[in-house]
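The values are calculated or read from the model by the stated rules, or taken from the named source; none is laboratory data. Fair warning: this is a prediction, and the values are worked out from it, not measured in the lab. Every residue, glycine among them, receives a Cβ derived from its backbone with ideal geometry; neighbour counts consider all protein chains shown. The accessibility values were calculated without ligands, DNA or RNA, using every heavy atom of the protein model including side chains. Shrake-Rupley method; radii C 1.70, N 1.55, O 1.52, S 1.80 Å.
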There are 2 protein chains.
Amino acid sequence: AKTAALGKPMTDEPIQPINAANVSNPALVQLGMQLYFDPRLSKSGFISCNSCHNLSMGGTDNLKTSIGHKWNQGPINAPTVLNSSLNVAQFWDGRAADLKEQAGGPIANPGEMGFTHELAVKTLATIPGYVEEFKKVFGTDKITIDEVTKAIAAFEETLVTPNSRFDQWLKGDKNALTAQEVQGYELFKNSGCVACHNGPAVGGNSFQKMGVVEPYKGDSKAEGRAAVTGKDADRFNFKVPTLRNIEMTYPYFHDGEAKTLSQAVEIMGRIQLGRNFSKEENADIVAFLKSLTGDQPSFKLPQLPPSGPDTPSPQPFDAKPVKK
Amino acid sequence: AKTAALGKPMTDEPIQPINAANVSNPALVQLGMQLYFDPRLSKSGFISCNSCHNLSMGGTDNLKTSIGHKWNQGPINAPTVLNSSLNVAQFWDGRAADLKEQAGGPIANPGEMGFTHELAVKTLATIPGYVEEFKKVFGTDKITIDEVTKAIAAFEETLVTPNSRFDQWLKGDKNALTAQEVQGYELFKNSGCVACHNGPAVGGNSFQKMGVVEPYKGDSKAEGRAAVTGKDADRFNFKVPTLRNIEMTYPYFHDGEAKTLSQAVEIMGRIQLGRNFSKEENADIVAFLKSLTGDQPSFKLPQLPPSGPDTPSPQPFDAKPVKK
Ligand code: HEC
Ligand code: HEC
Ligand code: HEC
Ligand code: HEC
Ligand SMILES: [Ca+2]
Ligand SMILES: [Ca+2]
Ligand SMILES: [Ca+2]
Ligand SMILES: [Mg+2]
């Protein structure tokens, strides 16, 4: 049915289609998926990676800033894990080089999962089903945080979202987009958005100033890339977010202050490019951006191996005062 | 391969096999599944039914008592939703007649999802994908809490776990259990456990005193069935829990004070029946109980429709004080 509309693939475009994941080690990916969904990597036994990067909701929590251990109010908006393997570096300020390095962070972050690597590993090592799986996947009897983060990263690498209508269009299916969406794309290119949002992820590959033409006014204390480089020139430089699946990853910006896509586009036009889009132009760009929603991760809800008798109990609450 | 070992099905046993779910309205079930996984039914936008009844972990949170809205420490252990359609009534004290009646409770419970029915419905009514689905499933343009709880209950009715090794054995496959497991089952029958734990759910069908022979000592303030009936005779009567998938639903009892299955069996024997099982007898019963783990729910992680521009933002934290 599709072939009828197939024209020539578009080349020389600033955005390229996303490729499907190529899984070379399914057992490793399956283990990583279980760990990603397992709240026993947190001190409370309640918070998993999927709590904040919910794969039912575009790989985010759709909150301004995240809720962490003991209901801690996080400092920054949680980016999507979808297509995060395409990022030049991880986190808004790029302080982790890759997904493996990143994955250790939240487990030990007191405001996120509130645990330690040592206790997380000790927990896994007392769960018979995991011991068996780590043995099968890594050939080891001794689990370390290195294997844990390696498995999670391998799972995350599968979280790409190919086959968006925009990608179908890029590949030559001229019916995949409406006229309005094509117009939005033209405007996105011609206005200069593609200077920063380009490549297969439509972003993710550079750090850029938030507020090029006009300063961005917000309450967040995040200073961006400067926190890593120590350079004043990097103040308020953030990793350009991917715009893939942007319809699902509201609210927008590092502080989550833009509730709707229309607001985010308005602000970007004004403070990055000095442009005030008309209502219609804004709607066209929003329509184009919504065509970037691709195939969401599709797998069976993972089953987690039950704890063993020696597995430490989760510690969600402060110990009760001892009765006298 | 199985047929070789097939003997005659066991009849006249106090436990019967669980039947697979019979889904007559797949669209209703699918909608219920999405709602079950949707944290937007909570005030914070963070807590869904699946947070506390995690279908990756036997339909529970595996915590002594649950974590709710703003990290509220719940008063009682969260029972599994697996096979809950077989319960005589819902909750430890049976205060909800059925799953539909039950499902309204947690949404509006300040210590669980912390929302109101009105706001939950208002939220759903602003999500275009849900509006369409409710229209398709119920033929209505106006969503009410009645449709919401009906859909969730329909999904929960599919959460049965047939095909445990014990059920295979009941059905005549003599190789499905080990000699130890059969011995454990004999002991479970002969000691009198089946007086309370019987039927397809191995429990769930009556309220019984916790501490028949010897009082149960715990810190919990729960008074059981008396909270519903007002009768003194019902003090410390609790719904007998299902023992299906009991390997996965630790910790045990209404206060979650028994960490291991071995402890729970020891306490039951002693305080319900005045029996002190030997180490070996205890191990046999535990082995039998682990054969009650059935097929876990198997479906693709649901995808949730994105919020619309008018969807109220979640309110996880107190409003910031207004700056002067
Ligand atoms: C309590 C909420 C929370 C939990 C739990 C959590 N994250 Fe995050 N995650 C965040 C936030 C917030 C950020 C952004 C932090 C920053 O950039 O400074 C983030 C950033 C990331 C990034 C970087 C994405 C990008 O584009 O830069 C990845 C990848 C990631 N998390 C994966 C994980 C994994 C894997 C786990 C579990 C091991 C996890 N997260 C647990 C909230 C959370
Ligand atoms: C000079 C670089 C640059 C240009 C030009 C630019 N952006 Fe951005 N864009 C960014 C950066 C950096 C961020 C993240 C800012 C932050 O959160 O502090 C961002 C964020 C966004 C977001 C929110 C993404 C999210 O997940 O929070 C959207 C939507 C967006 N840009 C669209 C556009 C559009 C549309 C244009 C053109 C009108 C545009 N951008 C032009 C750098 C740029
Ligand atoms: C914050 C934790 C939490 C959330 C969220 C939660 N529950 Fe529960 N659930 C519990 C606890 C605790 C109980 C036991 C309460 C009692 O018996 O007094 C329970 C009881 C139940 C029962 C009764 C089971 C039985 O055997 O009696 C069902 C069914 C159930 N919940 C389904 C749901 C559904 C559906 C939702 C979402 C609409 C939900 N729960 C949300 C913690 C939670
Ligand atoms: C007189 C009724 C009765 C008898 C006899 C009985 N039980 Fe129970 N059982 C209960 C009740 C009621 C509970 C829930 C008590 C509570 O949580 O306060 C329970 C709870 C349990 C639990 C924990 C279930 C959970 O999910 O928390 C296990 C395991 C169990 N029983 C096993 C047994 C075994 C094994 C025997 C025989 C040695 C036995 N029971 C005999 C009534 C009984
Ligand atoms: Ca137009
Ligand atoms: Ca966001
Ligand atoms: Ca339990
Ligand atoms: Mg959760």
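One residue stands out among those in segment A:227-252 that are in a helix (DSSP H, G or I) and either of a type in the set (S, T, N, Q) or free of Cβ contacts under 8 Å to residues at least 12 places away in the same chain (or both): the one that is farthest from ligand 2 (Cβ to nearest atom), which is A:D232. Of the helices (runs of 4 or more DSSP H) lying entirely inside segment A:88-200, those carrying at least 2 residues that are farther than 26 Å from A:A227 by Cα are A:117-125, A:128-138, A:145-157, A:165-170, A:179-191.
Results for (1) within 16 Å of ligand 8 (Cβ to nearest atom); (2) away from chain A (no Cβ under 14 Å); (3) within 27 Å of the chain's Cα centre (by Cα), shown as yes or no for each residue.
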{"position": "B:F236", "(1), (2), (3)": "no, yes, yes"}
{"position": "B:E247", "(1), (2), (3)": "no, no, yes"}
{"position": "B:V265", "(1), (2), (3)": "no, no, yes"}
{"position": "B:G269", "(1), (2), (3)": "no, yes, yes"}
{"position": "B:G274", "(1), (2), (3)": "no, yes, no"}
{"position": "B:D284", "(1), (2), (3)": "no, yes, yes"}
{"position": "B:P305", "(1), (2), (3)": "no, no, yes"}
{"position": "B:D318", "(1), (2), (3)": "no, no, no"}
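A search for C-beta distances below 7 Å between a residue of segment B:130-149 that is modelled with pLDDT of 95 or more and any residue that is open to solvent by 80 Å² or more (accessible area, probe 1.4 Å), counting only pairs 6+ apart in sequence or on different chains, returns B:K135/B:D141. Collect the residues in segment B:30-58 that are closer than 25 Å to B:V121 by Cα and part of a loop (DSSP other than H, G, I, E, B), keeping them in residue-number order. Of everything in segment B:30-58, those that are closer than 25 Å to B:V121 by Cα and part of a loop (DSSP other than H, G, I, E, B) turn out to be B:D38, B:S42, B:K43, B:S44, B:G45, B:F46, B:I47, B:S48, B:H53, B:L55.
Between B:A97, B:A89, B:A103, the distinction of being buried (at least 21 other Cβ atoms within 10 Å of the Cβ), away from ligand 7 (no atom under 16 Å from the Cβ) and of a type in the set (G, A, S) belongs to B:A103 only.
Among the numbered conditions (1) within 14 Å of another protein chain (Cβ to nearest Cβ); (2) aromatic (F, W, Y); (3) in contact with a His (Cβ under 7 Å, 6 or more places away or on another chain), the only one that A:Y36 does not meet is (3). Looking only at segment A:59-76, residues that are outside any helix (DSSP H, G or I) and either open to solvent by 10 Å² or more (accessible area, probe 1.4 Å) or in contact with a helix residue (DSSP H, G or I) (Cβ under 6 Å, 6 or more places away or on another chain) (or both) come to 10 in all. Total residues in segment A:170-190 satisfying the condition of being without any contact (Cβ under 8 Å) to a residue 12 or more places away in the chain and of a type outside the set (G, A, S): the figure is 2. Regarding A:P215, is this residue assigned to a loop (DSSP other than H, G, I, E, B) and more than 14 Å from ligand 2 (Cβ to nearest atom)? It is false that A:P215 is assigned to a loop (DSSP other than H, G, I, E, B) and more than 14 Å from ligand 2 (Cβ to nearest atom). In segment B:260-293, the residue that is surrounded by the fewest Cβ atoms within 10 Å (Cβ to Cβ) out of those that are part of a loop (DSSP other than H, G, I, E, B) and within 9 Å of ligand 4 (Cβ to nearest atom) is B:R275. Note on segment B:62-85: residues that are within 10 Å of the chain's Cα centre (by Cα) and either free of Cβ contacts under 8 Å to residues at least 60 places away in the same chain or at the interface with chain A (Cβ under 7 Å from one of its Cβ atoms) (or both) total 1. Going through (1) out of contact with any helix residue (DSSP H, G or I) (no Cβ under 9 Å at 6 or more places or on another chain); (2) at pLDDT 95 or above one by one, A:K8 falls short only on (2).
Residue count for segment B:30-54 under the criterion of being farther than 18 Å from A:G59 by Cα, open to solvent by 10 Å² or more (accessible area, probe 1.4 Å) and either touching a residue at least 60 places away in the same chain (Cβ under 8 Å) or within 16 Å of ligand 5 (Cβ to nearest atom) (or both): the result is 5. A:P314 passes every criterion in (1) surrounded by fewer than 20 Cβ atoms within 10 Å (Cβ to Cβ); (2) within 9 Å of chain B (Cβ to nearest Cβ); (3) over 25 Å from A:T161 (Cβ atoms); (4) under 28 Å from the mean Cα position of the chain (by Cα) apart from (1). You will find that of A:D295, A:D255, the residue that is more than 12 Å from every other protein chain (Cβ to nearest Cβ), of a type in the set (D, E) and closer than 16 Å to A:T80 by Cα is A:D255 and no other.
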